[in-house]
Amino acid sequence: MKSVIGLDIGTTGVKCAVIDESGNILYEGIRTHNAINTFPGFAEGDPDIWWRESIELLREVVSTLGKEDISGIGVSGMVPTLILVDSSGDAIRPSIQMNDCRAVREIEELKDLIDEDKYFQQSGNMINQQVIFPKYLWLQRNEPEHLSRSKLIMGSYNYITYKITGVATLELNWALESGMWSLEDKCWIPEICDSVGLTIELLPPVYFPTDIVGNVTKEIAELTGLKEGTPVIAGSADHIASALAAGMNKAGDLLLKFGGGADILVVSEKLVTDKRLFIDYHDIPNMYILNGCMASSGSVVKWFSEDISGTDYSELTLMAKQSPPGSNGLITLPYFLGEKTPIFDVKARGTIFGLSLSHNKGDIFRSLLESVAFGFRHHLEVIEEMGINPGRVFMTNGGSRNELWRSITADVVGHDAVYLEKHTGSSLGAAFLSGIATGLYSSWDQIGSFMQDKVVVKSNPLNHGLYSKYFQIYKNLYDNNSNLFSELFDLQNSNYQI
């Protein structure tokens, strides 16, 4: 029976899934690694580790399943990472990650230089910590020796695809999220590249996710056991592949992802944009995905459990269940790594508001869970203001395994949701895309055959009403303190050369 492979290059691990034409997951594997945080505001990763782990997983697939039935490979990954590649095809330095905020000064300078309204109309982006070109300007100023050796610029999944095939490519959503791509015209914006001295020759050709861009080379076949010539597609941004893997194929479908950061994604058949959200092309042609990305989610929970309270996650959850909605009067802003959407403020900081000596760890922990739910609701408010009415609501990723967190979130957003208990995620989405490309699947609806173990999470109207009042304070808390966050950030970093 024919099968396809999907790899997903993540912040803390490389995942692999193999699926067949009948809706079966034949293999799942993971190799874990650590992110690199060497300096305040820096977020980096090691492409060499990603490649080594990818090789290990591909070898394991072949040893487990054989190679004869594998008909295609797709890779998804974090977007938009920045990898400098030399003439030998190797990464010159660690990847600069999407949540890296080293280029604060460059962002401010570019905002003064570029007409942001015009820029937004062209690119669907704002100038912020996620886009590529301010980071490139930072590299020019701080690491010119690395740029002088650079022959190509790639993202995480593009780099792994390149190593497998020997063909340099970029995928459509890396281009879009780079901030240098015209949303409607689907081409690079010369004046944006020129603003930081980035020559377009550094950027490989851009392809749609399901385009077959190359094949497994002889060298990689010998290294992994894969069949030489196996087709490899352009791949996908991880959050878009994950949305596809959740069955998001209808307008209004909404996904809440509880990862280290948190994502909210909604499908649209129309090209609509808002400065408070990102926009991506859906992996499904002629559709779009509006999305928000919160810098902190599960990372804050882990921090509080391990570094602050020294209390096991499950024990904290039991304690939080004893705390009522609203955490006995606590409200937390989840901006512990600054924030992306919808406020785009790298200087914002986490805040626990309303503390008294009567509060305990359970109250604080519940407030942390509620803060992420409030972040979801903030995004949902923006989506509804754009005239998009959510239809089906899904919950996925590690944090959604926590029943209390799921319940809190459904109450805060005011929608029933479907929790996908065994959601394989982006690696499944990448595999399915390669199956579409190679003819293993004939319809996008076939992704539904992988949707199993669904749990309906009901929203409590009474709790929703109470949370609505807390939510207004949540928004006011940021609005009233944004200037102080800026002052504190500048003071904290006055001794650093960022």
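In the set (i) 25.8, 94; (ii) 22.0, 72; (iii) 22.0, 66, the label that goes with Rg and Dmax of the Cα atoms in Å computed for this structure is (iii). A DSSP coil position with no more than 10 other Cβ atoms inside 10 Å describes the following chymotrypsin sites (Phe, Trp or Tyr not before Pro) in the range 451-498: 496. What shape does the range 84-215 take by its C-alpha gyration tensor, where a ≥ b ≥ c are the square roots of the eigenvalues and a/c under 1.5 counts as rounded, a/b above b/c as prolate, and the rest as oblate? In terms of gyration-tensor shape, oblate. Simple point charges give the picture: +1 on the Cβ of Lys and Arg, -1 on the Cβ of Asp and Glu, and for the chain a dipole about the Cα centre of about 880 debye. Arranged from fewest to most other beta-carbon atoms within 10 Å of their beta carbon, 102, 401, 349 become 401, 349, 102. If you take the square roots of the eigenvalues of the alpha-carbon gyration tensor of the range 403-498 and sort them as a ≥ b ≥ c, do you get rounded (a/c under 1.5), prolate (a/b over b/c) or oblate? Verdict is oblate for the range 403-498. Fully extending the segment from residue 308 to residue 2, taken as 0.36 nm per residue of separation minus the present Cα-Cα distance, adds 105.2 nm. Placing a label point 7 Å from the Cα of residue 219 along the Cα-to-Cβ direction, the residues of the range 158-190 with a backbone N closer than 16 Å are 159-169. Projected label points at residue 272 and residue 458, each 7 Å from Cα along the beta carbon direction, are separated by 3.1 nanometres.
Computed from the C-beta positions of residue 466 and residue 56 and an R0 of 51 Å, the FRET efficiency is 0.55 to the nearest 0.05. With 0.36 nm allotted per residue and the present C-alpha distance subtracted, the residue 493-residue 27 stretch has 163.1 nm of extension available. Of the residues 120, 94, 38, the one whose Cα sits farthest towards the positive end of the charge dipole of the range 11-141 is 38 (charges of +1 on Lys and Arg Cβ, -1 on Asp and Glu Cβ, taken about the Cα centre).
Per-residue Cβ neighbour counts within 10 Å put 167, 412, 18, 455 in the sequence 455, 167, 18, 412, beginning with the fewest. Distance between the pseudo-spin-label points of residue 118 and residue 357 (7 Å out from Cα toward the beta carbon): 6.1 nm.
Counting only DSSP beta bridges with both residues in the range 1-142, the antiparallel share comes to about 75 percent.
Label-to-label distance, residue 87 versus residue 38, with points set 7 angstrom from Cα along the beta-carbon direction: 2.5 nm.
Figure legend: label point modelled 7 angstrom from the Cα of residue 48 along Cα→Cβ; residues of the range 110-148 with amide N under 18 Å from it are 146-147.
Of the cross-linked pairs 227/454; 275/454; 111/340; 135/347; 250/422, those separated by over 25 Å at the C-alpha level are 227/454; 275/454.
Ordering 409, 199 from the fewest to the most neighbouring beta carbons within 10 Å gives 199, 409.
Computed from the coordinates by the stated procedures, all read-outs in this text should not be read as laboratory data. Note that the structure is predicted; figures quoted are calculated from it, not measured. Cβ coordinates were reconstructed from backbone atoms using ideal geometry, including for glycine residues, and neighbour counts include every protein chain displayed.
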